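See structure below.
Laboratory data are not the source of any read-out in this text; all were calculated from the coordinates shown. Being a predicted model, the structure only gives us computed values, none of them experimental. In this analysis, Cβ positions are derived from the backbone assuming ideal geometry, glycine residues included, and neighbour counts consider all displayed protein chains.
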Amino acid sequence: MRTSLAGQLVNPLTRTIAPSVVAVENGRIASVEPYPQAPQRFIMPGFVDAHVHVESSMLVPSEFARLAVRFGTVATVSDPHEIANVLGIDGVRYMIENGRTVPFKFNFGAPSCVPATTFETAGASIDSKGVRALLEMPEVRYLSEMMNWPGVLFGDAEVRAKIAAARELGKPVDGHAPGLKGEQAAVYAAAGITTDHECFTLEEALGKVRLGMKILIREGSAARNFEALWPVLNDSPGMCMLCSDDKHPDDLVAGHIDRLVARAVAKGVPLWNVLLAACVNPVRHYRLPVGLLQPGDPADFIEVADLREFRVLRTWIDGRCVADDGRTLFDTKPAAIVNAFRCGPKKPADFRVEAKPGKIRAIVAIDGEIITREEHLPAKTEAGGAIADPSRDLLKIAVVNRYADEPPAVAFVKGFGLKSGALASTVAHDSHNIVAVGCDDASLCAAVNALVEAKGGVAFNTKVLPLPIAGLMSPESGEAVAAKYQEIDRAAKAAGVTLRAPFMTMSFLALLVIPQLKLSDKGLFDGAAFKFVEGWV
């Protein structure tokens with residue numbers, strides 16, 4: 001079947017806009033010809049999210065796709081290490097199989113760090129042999145973010161073997177090295193690391209560009225680095241891409257990479273630079289099977305109303321119209337339930353912290369960032385125990401091993417603003433134990449036990465959004481999950497929470513490979529020194 005579409009063809013490869021007619025046949029671009037009478041709608045390559053953990057949307061891949069195509073996204077570069085930390089290689093296969101059920105171009109990676117560190121309890125592990133087995137699959141296109149940068153710098157044998165497998169198979173290696181600069185960054189890049197999505201200053205990003213690394217400008221639900229990094233689009237357009245990394249469902253129903261494209265153009269970045277980052281560079285860097293509107297390419301493209309807001313009129317993938325005026329034109333199948341959840345309910349006494357001489361070493365959460373700071377504060381005590389003090393925004397944080405019955409790790413955190421109750425979630429990077437922040441031990445316990453009963457989810461007090469698929473994802477529609485998440489988010493904010501995305505921010509407080517101070521199920525951890533530290537100083 002042959003289909004023809006007329007419009008203003010936006011070609012970022014030739015940097016031209018020309019009235020044209022595009023012919024599509026058998027899922028590919030059959031021809032592109034001049035057509036002076038073409039209407040004032042713009043035909044351009046589709047958007048690619050260059051680094052995303054689909055699981056963080058709380059949706060299975062098919063549901064993520066059903067929302068993303070409405071905003072002109074035709075493909076993702078997806079790291080499935082969230083589910084891999086719960087279910088191992090079987091989790092990666094689950095994502096691939098579910099993604100195959102819809103007309104969307106998921107491009108999965110082989111998770112490089114499962115578990116992320118040896119300082120926490122995960123549900124599974126993938127060694128270098130497992131990584132090689134994944135990389136040998138045609139659906140797996142790259143080695144996912146190498147978070148173990150100390151292992152790279154000091155020549156860890158398993159890390160070297162994983163990178164070597166990717167290079168031998170001709171697949172790129174993604175980086176993850178927040179704040180790494182100078183000689184250390186040079187060693188990291190020289191090991192074969194080709195990207196980084198963790199830069200949070202322009203100086204750091206430009207330094208890594210000079211080392212030959214491509215910078216993925218990230219704007220997710222918690223980590224929002226676009227304002228700091230967008231000048232890289234002017235300075236080095238061939239060396240950057242756009243990504244979301246982690247995007248909650250309430251954000252995904254409102255927009256995706258299209259919003260970053262519009263923001264960059266509004267900043268005055270040349271259109272062609274922006275489209276290189278949003279459409280072309282990911283396809284070329286990862287060698288994706290995604291078309292760029294050249295004759296013979298897969299017919300993956302979008303039609304937009306203008307080149308300012310980039311309102312998507314229609315999205316096409318392999319010659320099939322998959323979204324029209326905000327409506328998705330394909331259905332999804334029911335998703336299978338898979339999980340690993342083996343801990344039992346807790347008691348309020350499990351969250352007690354014995355008072356000690358000195359000051360509390362407190363984690364300081366930062367809105368819009370996944371890095372943290374550290375503060376030393378006097379404790380509020382009661383009956384020989386250190387307790388939360390909401391009047392000073394000093395709350396308790398707990399991480400509970402969900403793979404076995406073990407005592408919770410408990411510490412203190414600032415930055416949430418919560419006045420009463422507790423938040424809890426089994427989306428807790430990267431091992432996905434239960435993480436909870438609360439104003440008192442009873443509230444912490446109640447929120448944790450609500451998730452134990454549900455076998456995963458996010459909760460405010462005992463109000464739960466169940467996430468029965470690996471404790472990360474819901475089998476429900478994207479719209480339903482977004483609505484339920486928004487309800488819980490509103491309840492938390494009504495109780496005083498001041499963070500824009502509190503559950504996303506909380507989920508990163510257990511991610512030990514991001515500095516400064518974090519908490520695993522085994523204790524308080526200094527991500528800069530890469531060692532456990534005492535809770536009192």
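Using unit Cβ charges (K, R positive; D, E negative) and no other charged atoms, how large, in debye to the nearest 20, is the dipole of the chain about its Cα centre?
In debye, rounded to 20, the chain gives about 300.
Rounded to the nearest 20 debye, what is the charge dipole size of the range 327-459 about its Cα centre when +1 sits on each Lys and Arg Cβ and -1 on each Asp and Glu Cβ?
Dipole of the range 327-459, to the nearest 20 debye: 80 debye.
With labels modelled as points extended 7 Å from the Cα through the Cβ direction, what inter-label distance (nm, one decimal) is found for Glu227 paired with Glu136?
4.9
With the crude spin-label approximation of a point 7 Å out along Cα→Cβ, what separation in nm comes out for Arg327 versus Asp90?
Between Arg327 and Asp90, the simple spin-label model gives 4.1 nm.
Can you give me the C-alpha center-to-center distance between the range 353-391 and the range 200-256, rounded to a whole angstrom?
32
Report the Cα centroid-to-centroid distance between the range 1-71 and the range 279-319 in angstrom, as an integer.
Answer, in whole Å: 4.
Between the range 480-533 and the range 154-194, what is the C-alpha centre distance in whole Å?
The two parts, judged by their Cα centres, are 28 Å apart.
So which trypsin sites (Lys or Arg not before Pro) in the range 213-281 end up in coil per DSSP with only 11 or fewer other C-beta atoms within 10 Å?
Here no trypsin sites (Lys or Arg not before Pro) fit, given the DSSP loop and packing criteria.
Please give the length that would be gained between Leu169 and Arg392 if that part of the chain were fully extended, namely 0.36 nm times their separation in residues minus their C-alpha to C-alpha distance (nm, one decimal).
Here the answer is 74.9 nm.
For the chain, build the charge dipole from Cβ charges (+1 Lys, Arg; -1 Asp, Glu) around the Cα centre, then report which of Val10, Ala411, Val261 sits farthest towards its positive end.
Val10
Among Ser78, Leu329, Leu509, whose Cα projects farthest towards the positive end of the dipole of the chain, with charges put on the beta-carbon of Lys, Arg (+1) and Asp, Glu (-1)?
Value: Leu329.
For the range 346-353, take each phi angle, set θ = phi - 60°, evaluate the Karplus expression 6.51 cos²θ - 1.76 cosθ + 1.60, and give the result in whole Hz per residue in order, putting x for glycine and proline.
So the J values, rounded to whole Hz, are 10, 10, x, 5, 5, 9, 6, 10.
Please report, in debye to the nearest 20, how large the charge dipole of the range 1-65 is about its Cα centre when each Lys and Arg carries +1 at its beta carbon and each Asp and Glu carries -1 there. Intermediate results must be reported in sequence, preceding the final value.
Numbers: 4 positive and 5 negative charges, 65 e Å.
In debye, rounded to 20, the range 1-65 gives about 320.
Select from Pro390, Pro475, Gly456 the residue farthest towards the positive end of the dipole of the range 348-532; place +1 on Cβ of Lys and Arg, -1 on Cβ of Asp and Glu, and compute about the Cα centre.
Result: Pro390, furthest along the dipole toward the positive end.
Given the chain, what percent of its DSSP beta bridges are antiparallel, to the nearest 5?
Within the chain, antiparallel bridges account for around 75 percent of the total.
Rounded, prolate or oblate: which fits the range 47-287, taking a ≥ b ≥ c as square roots of the Cα gyration tensor eigenvalues, rounded meaning a/c under 1.5, else prolate when a/b beats b/c?
Oblate, because a/c is 1.5 or more while a/b does not exceed b/c.
Would you mind classifying the chain by shape? Square roots of the alpha carbon gyration tensor eigenvalues, ordered a ≥ b ≥ c; an a/c under 1.5 is rounded, otherwise it is prolate if a/b is larger than b/c and oblate if not.
Prolate is the answer for the chain, as a/c is 1.5 or above and a/b outweighs b/c.
Can you tell me the length gained on complete extension of the stretch Glu354 to Ala383, counting 0.36 nm per residue apart and subtracting the Cα distance? Intermediate results must be reported in sequence, preceding the final value.
Values: separation 29, 0.36 × 29 = 10.44 nm, distance 0.93 nm.
Separation in residues times 0.36 nm, less the Cα-Cα distance, equals 9.5 nm.
Could you grab the relative contact order for the chain? Cα pairs under 8 Å, six or more apart, rounded to a whole percent.
Result for the chain is 16 percent.
Run the quick spin-label model on Arg342 and Ala442: label points 7 Å from Cα toward the beta carbon, then report their separation in nm to one decimal.
In this crude label model, Arg342 to Ala442 measures out at 3.4 nm.
What share of the DSSP beta bridges in the range 136-288 is antiparallel, in percent to the nearest 5?
10
What FRET efficiency, computed as 1/(1 + (r/R0)^6) with R0 = 35 Å and r the Cβ-Cβ distance, is obtained for Glu534 and Glu183, rounded to the nearest 0.05?
Using R0 = 35 Å, I get an efficiency of 0.70.
Taking amide H atoms as placed 1.01 Å from N in the peptide plane, list the residues 5 or more away in sequence, or in a different chain, whose amide H sits under 5 Å from that of Arg41.
Gln8
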